Amino acid sequence: MNDEKNKTSIWSVVALDIIDYSKKTGAEQLELKKILDGFIHHAVIDIAQDDRLIVDTVSGAVIICSGPLEDALEDALFISITIRDEILNNNMHGATPLYVQFGIHLGAARVVKNSTVGEGVDEAKRIMSFAKPNQILVSNVYFEMASKLTQEMAQMFEKYEMHAHEHDVYSVRLLKEAATEEPLIPAADHVTPAKWQSITAQANWTYIALSLLVLAAFFALAKTVVTPVEPIITVEQPVVAEPPAATELTVEPNPPSAKEVEAAKVVQKKSKQDATVKAEESTNNPEQSAENTNAKTAESRAEKGDSKVESTWESLKDSVKKGTKRECTQAEIAMNQCAK
């Protein structure tokens with residue numbers, strides 16, 4: 001069997017490689033390589049040693065299934081799925097996550113000094129480079145041969161859109177149990193722009209926009225309820241009532257009554273009689289000339305009637321205001337208007 005492996009034959013080739021292995025530290029590389037080697041040996045334990053060959057590489061391994069064609073096809077798929085499920089379980093429960101790419105091809109290969117060469121190995125590695133983290137890709141040749149074995153195997157593959165490759169490539173479906181445990185999306189440092197495009201394409205932007213609007217409205221409502229409303233105080237200018245205009249009070253003197261007028265007339269007549277008597281006496285007594293003159297003045301005033309009475313009243317008031325003393329006339333004495 002070893003002689004057959006040294007010859008160029010058609011084998012099922014499985015290529016495995018740890019993603020971003022060169023970016024890890026030395027301790028991380030040893031840890032990841034140890035975990036992967038353990039999963040590989042656990043996956044091939046049930047396959048006869050003459051029907052498989054494991055060739056270790058720097059960042060992974062190449063597994064050659066060299067048994068009968070049908071067995072080689074089944075063994076390559078079985079080994080790849082077993083290793084993948086072990087990795088997914090490790091990422092769910094282990095402390096060190098592991099991300100590996102898988103590629104399977106059916107082609108010519110041979111082993112030279114513990115190394116694998118040939119078109120089959122190169123094609124398996126090329127297909128592996130297009131795989132997502134923890135994803136298994138198979139070539140079109142392998143798919144056409146494996147899908148003819150059983151109906152169950154044919155249902156395990158789906159067309160993988162890859163425009164960079166000239167041949168059709170197929171991916172191996174995840175089992176329902178494994179799909180619920182671990183998604184194929186790796187850590188943030190392994191996400192490529194093409195993967196982000198596929199993620200955003202699945203998002204429903206209508207629901208996202210509505211959700212943002214609802215959140216904005218809720219935030220505005222909460223802010224309005226929490227913020228206290230300050231009362232508005234309006235200061236108005238007080239209205240000052242204008243004082244009423246001062247009214248001038250004009251005090252008019254009371255006009256003399258009819259009785260006073262009659263009394264004045266009586267006094268006038270009496271004064272005329274007295275004046276006549278005094279005139280006669282004045283001719284005989286020069287000392288009484290002044291009194292006669294005053295009597296004549298009083299008589300002339302009495303003849304002027306009511307107007308002179310009023311002027312006498314006004315002169316009396318003026319004299320009172322000025323505080324001067326003057327001699328009262330006979331008319332003032334008769335009307336009791338002379339201040340004593």
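A compact table of results
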item	result
Residue pairs meeting the criteria (Cβ under 8 Å; at least 6 apart or on separate chains; first in a helix (DSSP H, G or I), in region 52-69; second at pLDDT 90 or above)	L69/M145
Residues being part of a strand (DSSP E or B), touching a Gly at 6+ places or on another chain (Cβ under 6 Å), of a type outside the set (A, V, I, L, M, F, W, C) and within 25 Å of K148 (Cα to Cα) - total across region 70-119	2
Check on D85, within 16 Å of L16 (Cα to Cα), touching a residue at least 24 places away in the same chain (Cβ under 8 Å) and acidic (D, E)	yes
Qualifying residue in region 133-153 (condition: modelled with pLDDT under 90 and closer than 19 Å to L53 by Cα)	no
Residue pairs meeting the criteria (Cβ under 6 Å; at least 6 apart or on separate chains; first assigned to a helix (DSSP H, G or I), in region 21-44; second small (G, A, S))	Y21/S59; I40/A61
Residues (more than 56 Å from the chain's Cα centre (by Cα) and basic (K, R)) located in region 19-73	R52
Filtered residues of region 8-18 (kept if within 19 Å of P133 (Cβ to Cβ) and over 55 Å from the mean Cα position of the chain (by Cα))	V14
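Yes/no matrix, rows are residues, columns are (1) at pLDDT 95 or above; (2) open to solvent by 40 Å² or more (accessible area, probe 1.4 Å); (3) of a type in the set (G, A, S):
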site: K7; (1), (2), (3): no, yes, no
site: I35; (1), (2), (3): no, no, no
site: A43; (1), (2), (3): no, no, yes
site: T57; (1), (2), (3): no, yes, no
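Per-residue answers, yes or no, for (1) in contact with a helix residue (DSSP H, G or I) (Cβ under 8 Å, 6 or more places away or on another chain); (2) open to solvent by 50 Å² or more (accessible area, probe 1.4 Å); (3) more than 22 Å from L32 (Cβ to Cβ):
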{"position": "Q101", "(1), (2), (3)": "yes, no, no"}
{"position": "L106", "(1), (2), (3)": "yes, no, yes"}
{"position": "V111", "(1), (2), (3)": "yes, no, yes"}
{"position": "T116", "(1), (2), (3)": "no, no, no"}
{"position": "D122", "(1), (2), (3)": "no, yes, yes"}
{"position": "A131", "(1), (2), (3)": "no, no, no"}
{"position": "L137", "(1), (2), (3)": "yes, no, no"}
{"position": "N140", "(1), (2), (3)": "no, no, yes"}
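The values are calculated or read from the model by the stated rules, or taken from the named source; none is laboratory data. Since we're looking at a predicted model, the values are computed, not measured. No Cβ is skipped: glycine too gets one built from the backbone with ideal geometry, and neighbour counts run over all protein chains shown. What goes into the accessible areas is simple: the full protein's heavy atoms, side chains included, and nothing from ligands, DNA or RNA. Shrake-Rupley method; radii C 1.70, N 1.55, O 1.52, S 1.80 Å.
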